[in-house]
Amino acid sequence: PREALGEGAVLLRGYALSEAPALLSALDQLVSQAPFRHMVTPGGYAMSVAMTNCGAAGWVTDRSGYRYDAIDPHTGRPWPVMPACFAGLATAAAETAGYPGFDPDACLINRYAPGARLSLHQDRNELDLAHPIVSVSLGLPATFQFGGMKRSDPVRRIGLRHGDVAVWGGPSRLRFHGVAELKDGHHEVLGRQRINLTFRVAF
Ligand code: MD3
Ligand code: FE
C-alpha cells in the first residue's frame, strides 16, 4: 500500500512490519552504547523527545546550535555503526519510492513518551538537500503534521502507525513538519512509547 503525500513524498504503510523485530533488537544493542538523552535547544530548553543516533554522522543540538557530529558528545566516542538491517530497510524503501541508490550516513532515533512532541520545523542541516529522508515509525501511533514551504502554510495531519515508512524527497524535502503531542496508550511490543528512525545523508 503506497500513498502519495505530496510531490516527492511517499507513505509505505506497514513496509517495516516484518523487519520490526530485527530493528528493535538492533536498537537495544545500540542504545547500550549511545543512550537516549534529552538534548537542549539553542534557546535553552530540554527537548521532550529523547534522542540518540547511529551511523557516521549524528544530529545534535545544544546551546551553540544544531549540527551533525561524528562524535557523541555524551560518551565522547563515535556513534554506533548503523546496523545492516537499518541501512538495508532505508535503501529498499527509498528505491520503492523512486529514489534508487540511497545510502544514508546518519540515523537519528527519536523516542516519544506520552506528552512528547516535535514542533513544526524544516530539516536543513544536511549538506546536500537533493537526497531524500526516510522515516520509520514504531510503537504507539502519532499524528504527523505535514505543512508547506512557509511556517504559516496550512498543515495536513497524517496518522503514522507501527511499521509505517515514509520517504520525503524532491520538492517535499524542505516542507515544514512536526509531530503532535503523543497520546497515551499501550503498544503490544513497545509499551508506552513511539520510536522513529530518521535516515539521512548528512555529510
Ligand atoms: C517531511 N522527526 O527528526 S520523521 C526529525 O517522527 C523529524 O520523529 C519526525 O522530523 C519524527 O527531524 C518525523 C519524518 C520526516 C522527516 C523529515 C522530513 C518528515 C519530513 C523533511 C521534510 C518533510
Ligand atoms: Fe524533521
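Readers should treat all values here as calculations from the given coordinates under stated rules, not as data from a laboratory. Remember, predicted model here, so these are calculated numbers, not experimental data. With ideal geometry, Cβ positions are generated from the backbone for all residues, glycine too; neighbour counts draw on all protein chains shown.
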Given charges at Cβ of Lys, Arg, Asp, Glu: the range 25-131 dipole, positive-most of Ala57, Ala46, Ala94: Ala46
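Please order Phe146, Phe176 by the number of other Cβ within 10 Å, starting at the fewest. Don't skip to the answer; put the middle values down first.
Values: Phe146 22, Phe176 19.
In order of increasing Cβ crowding within 10 Å: Phe176, Phe146.
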Residues in the range 108-148 that a label on Thr75 would reach, taking backbone N under 16 Å of a point 7 Å out along Cα→Cβ: 108-110
Dipole magnitude of the range 107-203 about its Cα centre (Cβ charges: Lys, Arg +1; Asp, Glu -1), debye to nearest 20: 220
From phi via Karplus (6.51, -1.76, 1.60), per-residue ³J(HN,Hα) for the range 43-55 in Hz, x at Gly/Pro: x, x, 9, 6, 5, 6, 7, 8, 9, 8, 9, 9, x
Summed side-chain charge close to Ala87 - residues other than Ala87 whose Cβ falls under 15 Å, Lys, Arg +1, Asp, Glu -1: -3
In nm, spacing of pseudo-spin labels at Glu188 and Leu127 (7 Å Cα→C-beta vector): 4.4
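Could you size up the charge dipole of the range 1-90 around its Cα centre, putting +1 on the beta carbon of Lys and Arg and -1 on that of Asp and Glu, and report it in debye to the nearest 20?
Details: 6 positive and 7 negative charges, 25 e Å.
Rounded to the nearest 20 debye, it is 120 debye.
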Alpha-carbon centroids, the range 116-159 and the range 13-59: separation in whole Å: 16
Among Pro141, Pro132, Pro73: highest mean-square fluctuation, GNM of the chain, C-alpha pairs under 10 Å: Pro73
Average Cα contact separation per residue, the range 1-152, under 8 Å, 6 or more apart, as relative contact order %: 21
Cα-centre dipole for the chain with unit charges at Cβ (Lys and Arg positive, Asp and Glu negative), debye to 20: 620
Under Karplus coefficients 6.51, -1.76 and 1.60, residue-wise ³J(HN,Hα) of the range 155-161 in Hz, glycine/proline x: 10, 9, 9, 10, x, 10, 10
